[in-house]
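Q: Take a look at this one; I'll ask things after.
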Amino acid sequence: HVGLSLLIAFLVHSCRLKAVQYATRTLIYFPVLATTASVAIAWYYMFNYDFGVFNWLLSQLGISGVKWLTSSSGVIVAICLFSLWKFVGTPFLYYLIGLQGIPDGYYEAAQIDGANKIQTFFHITLPMLTPTLFFVITITTINTFQIFDEPYIITNGGPGNASRTLALHVYEKAFKAYEMGYASSVSVVLFLIVLVITIVLYSTQNKWVTYDVE
């Protein structure tokens, strides 16, 4: 989510055709507005081994079908693909807003100095985008530890425990097995894990995040 959305946002921002920018921005962000449960059910059938659209596309290329939902390796890829399609629009929008907020004077000065596009990206765009990058990394990390909808609807944690997340485990223990004490303990552990990672991110931001735009 962090890297792919940055690449897409940079490409969209670099496009000078406003109509293309508006259309691309709408297409990328639209899945975020859709209800996760409804689109997850649709993707569940798309991942089906026998009649799913993904295996049909692979068969057209002469590639044998993939057991998306019945193998421990395929199910992780399936959830990642769905999650990218569904949620990449949010960090994409943050990046796009951050890119639009970078003053044009920096790029004009770099062009006068003879800097190429790669040098401009790594010495101007990326450093000026680090506050947005820090925010996206923090929010994405927290959301990743709390992932629930995708494995619950698409895989139900299977096959076996291959796609069972902590949030799904808490739900099953609390509302299916009615082990409220155990579920509460796991919730506290999940909270502590997220808290520690967030503190680490905040404590290290001064080493790489640039807030000065002067």
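Q: Could you please tell me which pairs satisfy a Cβ distance under 7 Å, a separation of 6+ or placement on different chains, a first residue in the stretch 20-46 that is over 17 Å from Leu81 (Cβ atoms) and part of a helix (DSSP H, G or I), and a second residue that is among the hydroxyl-bearing types (Ser, Thr, Tyr) and open to solvent by 50 Å² or more (accessible area, probe 1.4 Å)?
A: From residues that are over 17 Å from Leu81 (Cβ atoms) and part of a helix (DSSP H, G or I), there are no pairs.
Q: (1) modelled with pLDDT of 90 or more; (2) open to solvent by 50 Å² or more (accessible area, probe 1.4 Å): which one isn't true of Ser38, the others all being true?
A: (1)
Q: Can we say Pro151 is in a helix (DSSP H, G or I), open to solvent by less than 50 Å² (accessible area, probe 1.4 Å), more than 30 Å from Lys67 (Cβ to Cβ) and touching a residue at least 40 places away in the same chain (Cβ under 8 Å)?
A: Here the answer is no, as Pro151 does not meet what is asked.
Q: Give me the helices (runs of 4 or more DSSP H) completely within the stretch 72-144, filtered to those with at least 2 residues that are in contact with a His (Cβ under 8 Å, 6 or more places away or on another chain) and either surrounded by fewer than 17 Cβ atoms within 10 Å (Cβ to Cβ) or touching a residue at least 60 places away in the same chain (Cβ under 8 Å) (or both), ordered by residue number.
A: 72-87, 89-100
Q: Take the stretch 162-214 and flag every residue that is assigned to a loop (DSSP other than H, G, I, E, B), over 23 Å from Thr132 (Cβ atoms) and open to solvent by less than 40 Å² (accessible area, probe 1.4 Å).
A: Ala162, Ser163, Thr165
The values are calculated or read from the model by the stated rules, or taken from the named source; none is laboratory data. As the structure is a computational prediction, the values presented were derived from the model and not from experiment. Here Cβ is always computed from backbone atoms with ideal geometry, including for glycine, and neighbour counts include all displayed protein chains. When the accessible area is computed, the model is the full protein with side chains, heavy atoms only, and any ligands, DNA or RNA have been set aside. Shrake-Rupley method; radii C 1.70, N 1.55, O 1.52, S 1.80 Å.
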